[in-house]
Amino acid sequence: MNPRVRNAIRQGVSNSCPAAAVVPFLVRCDWPWAVKIPLTLVVGTMGWFAGWLLATALLGAWSLLAKARPGAPLYRFAKLPAAEFAAAGGKGASLARMAQAGLPVPPGIVVLGSAFDGDRLTDEATARLATAVAKLTSKGELLAVRSSALAEDSASASFAGAYESVLDVAAADVVAAIGQVRRSGRADRVGAYAAARGVEIGDQVAVVVQRMVRADYAGVLFSADPLTGDLDAMVGNAVAGLGESLVSGAANAAEFRFHRPDGAYTGPEGLAPAAKTLHREAHAAEAALAMGALDIEWAVAGKKVWLLQARPVTTMTGWDPITAERNDTLRGTCLWSATNLVEANPEPQTPLTISASDYVMAHGGPLIRAQGRNMSGYIAGRPYNNLSVQLAIRGPQVFNDPRAECRKMAALWGELPDAVPIPMLPMTRQDQSRDGLQMLRTLGPLLSARRKLSAFIAETPGRCQALDDRITATGDRAALRQLWLDEIFPGYRDSFWAVVAATPEKDSLPDELRALVGSDDAAILLASITRLAGNLESLGPAEGLQRVAAGQMTRAEYLERYGHRGYNETELAWPRPKENPDSLMVPPAATQVDAESSDAAYGEALARLRARHPKQAAKVEKQLAKRARTAARREEVRSQAVRWTGVVRSFALRAAALLDIGEDAFLLTMDELLAALDGDTAPFSHFPARRETLRRYRQLPTPPVLVVGRFDPFAWASDPNRRADYWVAGTGSIANPDSIGSATVAGVPGARGVVEGVVRRIDDIADADQLQHGEILVTRLTNIGWTPVFPRAGAIVTDIGAQLSHAAIVARELGVPAVVGCGNATTKLATGDRVRVDGAAGTVELLRPV
């Protein structure tokens, strides 16, 4: 069904929804307008959304009924069931999905690998094929017969030109042409290409039989610029006549471009009449396939535009299946931020850890995406958040002033420098509505997770310990695989939902407080989590170690409570403290926090607020209490979620033992590890290449917190003038101006207080014992593993962080001045420098260099 028809049906059902019909009654009733206006808006909006969701459900049910049942040897594009997409190969599946989305695809069929006995069609397939071909050629039309191997036209391999295609095939010659295409799969060029791309080809080659289009114009169109990654441009080549002359080089191609999303066209005049339609259909194909940037073959015959096939642009996938290198900046120009992610992931992650979150999102976990692009991604083994995606789903108003919206998210993702551009996804209003409504589907699981947070916190320790015991006792691969499906994965997935449910999206209170009472008092009032909400979970390990040192807690009690936490706790390959109790390092007793002084400062700041703003004070106090409870709950939930990460580690270690691959299990993706339990060990041959990738990643300095455009981490690392705070494609090697002739490092206010002291720059947590009491800790980032070090610090200064980052939260609770998110502190400050740290102002002044 055409997408425009689908939208018309949705609009019609939405506008006729019973809830929407109540609106005229509300308008006519005798209630005060102060009640009628907001009530009318609420009821009308709810009715419209209810109608939209009802129409979507009905269209989905109709779509399922319109498809054939799985198990047949061949299908028309419009009838191919989703269960057979994988068997149809890349080309066949994409053509079927486009046809089912109502896009202009020439009629055709896909013959599955199950239709063959060797290279010969089975009797059943031959009979069905004859019927289908008769319908395709009822007016004497000729056909194109093409391969559709399982890995062909995929994100990792196109196989362009590797298999044979047969054109202008008459109905009587279709069987012979299919056999010719099938046999081409044994050509040396196919095997060599597959080996180079690290994909398995097997012998299950599906075949596409499609009606030929007698084109006036034909060519290829990339839905993004494959050279620069620019998402605002579509670039293509066109020739007169069939597109085969373009592929073979027999004709000179004319270049053309579209600007997105408005479709402004630049190119040959002969293509201009069809340009608007071609742009619209290509844009719709990208949305329907949700694969990111597409390489589309198209044709124009008369006034009709046809999409002949579509596949991902292989140079814009960002994933190498052999080496496990992943670089999501290659998927298109976007704004990426690592703030609040890199502190919990201080080292490059293994392929298993990276893929575990992808696996969760693909199997019912929290997934935020727009235009086929996920909000989460990876650069050089480290997680990043795609702010371009996050902004795109926040509504049309964001496109008018995205920088203002970024300021609202600064507590989570940090302040955005003016020099950093904000590339927006090229979305139409229809795209925004579609993706926004898709997000509504997450409301159910999210609200459910929010209701269950208390139970999640209470039940997780017992559930995880019981699963650990069962995993250890499992001695059979099939049984371990089933345990994953039945109990391990559902709990692990729920932990993701719990973290999302406990995390506030916005935090506007700091800005409001600073406007009311100034920076100093705002900092004092915001440092009130433990005072208003009880102990903070992030402080637990540090406080627990102090209790062990004082003889108030045994090592066993500590490990039961905190043995799952630590410096690299999100990494599946990282051993937990509880796995090796002898490795637990108990520090000497630390200087106690002056709680009485902190309480007095809080009381005085609160009194000033009440005196200056008596009408607003009560509201602010409630907001402070709610914010404190939210922050404390978030920390609690994150701690319990880490227990589930430990369970997945136990599963991986047990699978490794059963497969006899040791630590190499962490070099597999989650899908590969599960497939290995089922007997597929082909990816084991990639272990050497993946070890080398991980080694190279771990030799890199921490990449910039903010990245815009295509980023090569190795080229950046080799540049002596590189910036450590942000990187923008096309700006060249621009050194941080703050590093030249400036005696001040600026960052985000983390925790109030002014202190002078000597810098101790620490680049590795293994060297944390070098920090002496009263020294200024300067480091790239901190996380819970650093917490025991904080009480010794006179102040804390980090390159990475925001108001809700670990360093800021814990420093505020301990009363240690902190400036976070400086970007360049570790490049400007050296051990021995004397500095003045002003936590409320967010500045570090260099008084005397070493």
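Which of the residues spanning segment 801-810 are open to solvent by 10 Å² or more (accessible area, probe 1.4 Å) and aliphatic (A, V, I, L, M)? Reasoning before the result, please.
Applying the first criterion (open to solvent by 10 Å² or more (accessible area, probe 1.4 Å)) to segment 801-810 yields 803-804, 806.
If the condition is that a residue be open to solvent by 10 Å² or more (accessible area, probe 1.4 Å) and aliphatic (A, V, I, L, M), then Leu804 is the only one that fits.
As for segment 508-523, it holds at least one residue that is among the small types (Gly, Ala, Ser) and in contact with a Leu (Cβ under 6 Å, 6 or more places away or on another chain). List every residue pair whose Cβ atoms sit under 8 Å apart, with the two residues 6 or more apart in sequence or on different chains, where the first one lies in segment 311-333 and is under 15 Å from Leu425 (Cα atoms) and the second, anywhere, is basic (Lys, Arg) and not in a loop (DSSP other than H, G, I, E, B). Cβ pairs passing all conditions: Arg331/Arg373; Gly332/Arg373. Applying the set (1) modelled with pLDDT of 95 or more; (2) farther than 30 Å from Glu579 by Cβ; (3) assigned to a helix (DSSP H, G or I) to Val707 leaves exactly one unmet item: (3). Just to be sure I understand, how many residues within segment 584-622 are part of a helix (DSSP H, G or I), within 30 Å of Arg565 (Cα to Cα) and either modelled with pLDDT of 85 or more or not polar (S, T, N, Q) (or both)? Number of matching residues: 3.
Residues of segment 547-576 being open to solvent by less than 30 Å² (accessible area, probe 1.4 Å), assigned to a helix (DSSP H, G or I) and either of a type in the set (Val, Ile, Thr) or in contact with a Gly (Cβ under 8 Å, 6 or more places away or on another chain) (or both), which ones?
Keep residues of segment 547-576 that are open to solvent by less than 30 Å² (accessible area, probe 1.4 Å), which gives 548, 553, 558-559, 562-566, 568-569, 571-573, 576.
Filter again for assigned to a helix (DSSP H, G or I), leaving 548, 558-559, 562.
Scanning segment 547-576 gives Val548, Tyr558, Tyr562.
Of all residue pairs spaced 6 or more apart or on separate chains, those with beta-carbon atoms under 9 Å, a first member in segment 814-843 that is closer than 25 Å to Ala601 by Cα and a second member that is modelled with pLDDT of 90 or more and assigned to a helix (DSSP H, G or I) are Val819/Ala825. Within segment 634-674, the set of residues being open to solvent by 30 Å² or more (accessible area, probe 1.4 Å) and either part of a loop (DSSP other than H, G, I, E, B) or hydrophobic (A, V, I, L, M, F, W, C) (or both) comprises Leu653, Ala657, Leu658, Asp660. Identify, by number, the condition in (1) touching a strand residue (DSSP E or B) at 6+ places or on another chain (Cβ under 6 Å); (2) open to solvent by 30 Å² or more (accessible area, probe 1.4 Å) that Pro273 doesn't meet. Only one criterion is unmet by Pro273, namely (1).
Screening Leu64 with (1) modelled with pLDDT of 60 or more; (2) loosely packed, with under 14 Cβ neighbours inside 10 Å; (3) of a type outside the set (Asp, Glu) gives one miss only, at (1). Please go through segment 262-291 and give me each residue that is in contact (Cβ under 8 Å) with a residue 24 or more places away in the chain, of a type in the set (A, V, I, L, M) and part of a helix (DSSP H, G or I), ordered by number. Within segment 262-291, Leu271, Ala274, Leu278, Ala282, Ala284, Ala285, Ala287, Ala288, Leu289 qualify. Among the residues that make up segment 830-850, is at least one of them on the phi > 0 side of the Ramachandran plot and at pLDDT below 85? No, there is no match, as no residue in segment 830-850 is on the phi > 0 side of the Ramachandran plot and at pLDDT below 85. Would you check which residues across segment 80-131 are among the basic types (Lys, Arg) and under 30 Å from His283 (Cβ atoms) and list them? Matches in segment 80-131: Lys91, Arg97. Has segment 761-772 got at least one residue that is surrounded by fewer than 24 Cβ atoms within 10 Å (Cβ to Cβ) and in contact with a Cys (Cβ under 9 Å, 6 or more places away or on another chain)? For segment 761-772, residues surrounded by fewer than 24 Cβ atoms within 10 Å (Cβ to Cβ) and in contact with a Cys (Cβ under 9 Å, 6 or more places away or on another chain): absent.
This table checks each residue for (1) at pLDDT below 70; (2) open to solvent by 10 Å² or more (accessible area, probe 1.4 Å); (3) among the hydrophobic types (A, V, I, L, M, F, W, C).
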residue	(1), (2), (3)
Leu167	no, yes, yes
Ala172	no, yes, yes
Val181	no, no, yes
Gly185	no, yes, no
Ala194	yes, no, yes
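Would you point out the residue of segment 756-775, among those that are small (Gly, Ala, Ser) and in a helix (DSSP H, G or I), that is modelled with the highest pLDDT? Steps first, please.
Pass one, segment 756-775, residues small (Gly, Ala, Ser): 757, 766, 768, 774.
Going one step further and asking which of them are in a helix (DSSP H, G or I), we end up with 766, 768.
On the way: Ala766: 85, Ala768: 89.
Ranking the qualifying residues of segment 756-775, first place goes to Ala768.
Among the residues examined, Asp494 does not qualify as open to solvent by 20 Å² or more (accessible area, probe 1.4 Å) and over 20 Å from Thr645 (Cα atoms). Counting the residues of segment 462-479 that are in a helix (DSSP H, G or I) and either modelled with pLDDT under 95 or surrounded by 15 or more Cβ atoms within 10 Å (Cβ to Cβ) (or both) gives 7. Please give the number of the condition Gly544 fails out of (1) open to solvent by 20 Å² or more (accessible area, probe 1.4 Å); (2) modelled with pLDDT of 75 or more; (3) among the small types (Gly, Ala, Ser). The failed condition is (1). Among the residues of segment 505-515, those that are at pLDDT 75 or above and open to solvent by less than 40 Å² (accessible area, probe 1.4 Å) comprise Leu509, Pro510, Leu513. Restricting the search to segment 343-362, which residues are over 23 Å from Ile800 (Cβ atoms) and hydroxyl-bearing (Ser, Thr, Tyr)? Scanning segment 343-362 gives Ser355, Tyr359. Pairs meeting the criteria (first residue in segment 209-230 and open to solvent by 10 Å² or more (accessible area, probe 1.4 Å), second residue in a strand (DSSP E or B) and among the aromatic types (Phe, Trp, Tyr), beta carbons under 6 Å, at least 6 apart or on different chains) are Val213/Trp306.
Can you tell me which of (1) within 18 Å of Met212 (Cβ to Cβ); (2) open to solvent by 40 Å² or more (accessible area, probe 1.4 Å); (3) modelled with pLDDT under 95 is the one Ala155 doesn't meet? Only one criterion in (1) within 18 Å of Met212 (Cβ to Cβ); (2) open to solvent by 40 Å² or more (accessible area, probe 1.4 Å); (3) modelled with pLDDT under 95 is unmet by Ala155, namely (1). Do we find that Glu813 is modelled with pLDDT of 90 or more, more than 12 Å from Gly753 (Cα to Cα) and open to solvent by 10 Å² or more (accessible area, probe 1.4 Å) in this structure? Against the criterion (modelled with pLDDT of 90 or more, more than 12 Å from Gly753 (Cα to Cα) and open to solvent by 10 Å² or more (accessible area, probe 1.4 Å)), Glu813 does not qualify.
Here Ala811 meets the list (1) touching a strand residue (DSSP E or B) at 6+ places or on another chain (Cβ under 8 Å); (2) farther than 26 Å from Ser337 by Cα almost entirely, failing just condition (2). Looking across Ile800, Ile796, one residue alone is under 19 Å from Thr339 (Cα atoms), among the hydrophobic types (A, V, I, L, M, F, W, C) and not in a strand (DSSP E or B). It is Ile800.
The values are calculated or read from the model by the stated rules, or taken from the named source; none is laboratory data. Please read all numbers here as calculations on a predicted model, not as lab measurements. No Cβ is skipped: glycine too gets one built from the backbone with ideal geometry, and neighbour counts run over all protein chains shown. All accessible areas refer to the heavy atoms of the entire protein, side chains included, with ligands and DNA or RNA removed. Shrake-Rupley method; radii C 1.70, N 1.55, O 1.52, S 1.80 Å.
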